[in-house]
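For reference, the structure discussed in these notes is given below.
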């Protein structure tokens, strides 16, 4: 259960009728198209470096996919080194059983650790409390079994993963998912950094690049022009 006030940047949860939230509908549409065309369900979200908005994108995409649809959506915190999903969503007892426990133990099952956020219509699996090196979790055959189980129970499974360049966790995890979305900070992430990150991934697994914090001049124009289409928008 989520409690407390959420960060306003989680727009698909805090202001789903806003212009900012509408921008995630394009990403939702792309995911829905990929599912119909190639049965892409299990998607990792990563970035070249830290602070580029991968967790923000993961949560907002989960909210967009779940809102006003019959889709069953699961969000997994797979950033075993610096987990932030539980804190971002205000989930009580973030140390409860989660992904690491599913992989490390023999008793916990996915329905036991998946937390339903009725307020947002999607489920969350936190990182968990089992003490197990990240590379062991990500190389374990049990991780593949967990994701197969998730695939059978959900229409979309989103994994928030570590950035690609500081550690190799996301590159390892990419083998177990249907595809990867790479989040970059628009006008900030150096092209060389992005190229290095993409070189760590199988090109066939890269579903697309998501530009976060895009401050192009036309963005402001469109917000002003179309602001009347959205509820409670304070348009400059």
- [ ] Can you work out which of the residues in segment 17-34 that are touching a helix residue (DSSP H, G or I) at 6+ places or on another chain (Cβ under 7 Å) and closer than 16 Å to residue 58 by Cα is surrounded by the fewest Cβ atoms within 10 Å (Cβ to Cβ)?
- [x] 25
Task: Count - residues of segment 179-200 that are part of a loop (DSSP other than H, G, I, E, B), at pLDDT 85 or above and surrounded by 15 or more Cβ atoms within 10 Å (Cβ to Cβ) - done: 1
Task: Residues of segment 116-137 classified as over 17 Å from the mean Cα position of the chain (by Cα) and outside any loop (DSSP other than H, G, I, E, B), total - done: 4
Task: Unique match (being at pLDDT below 90 and closer than 28 Å to residue 130 by Cβ) among 44, 87, 20, 62 - done: 87
- [ ] Considering (1) touching a helix residue (DSSP H, G or I) at 6+ places or on another chain (Cβ under 7 Å); (2) at pLDDT below 85; (3) assigned to a helix (DSSP H, G or I), say which one residue 144 fails and leave the rest.
- [x] (2)
Open item on the list: Can you list residue pairs whose Cβ atoms sit under 8 Å apart, with the first residue in segment 132-154 being at negative phi and surrounded by fewer than 15 Cβ atoms within 10 Å (Cβ to Cβ) and the second being modelled with pLDDT under 95 and not in a helix (DSSP H, G or I)? Count only pairs 6 or more apart in sequence or on different chains.
Closed with: 135/168
Task: Count - residues of segment 30-41 that are under 17 Å from the mean Cα position of the chain (by Cα) and either at pLDDT below 90 or over 22 Å from residue 126 (Cβ atoms) (or both) - done: 6
- [ ] Check residue 27 against each of (1) assigned to a helix (DSSP H, G or I); (2) within 19 Å of residue 119 (Cα to Cα); (3) at pLDDT 90 or above and name the one condition it does not meet.
- [x] (2)
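The values are calculated or read from the model by the stated rules, or taken from the named source; none is laboratory data. These numbers were taken from a predicted model, which means no experiment stands behind them. Note: ideal-geometry Cβ built from the backbone for every residue, glycine included; neighbour counts use all protein chains shown.
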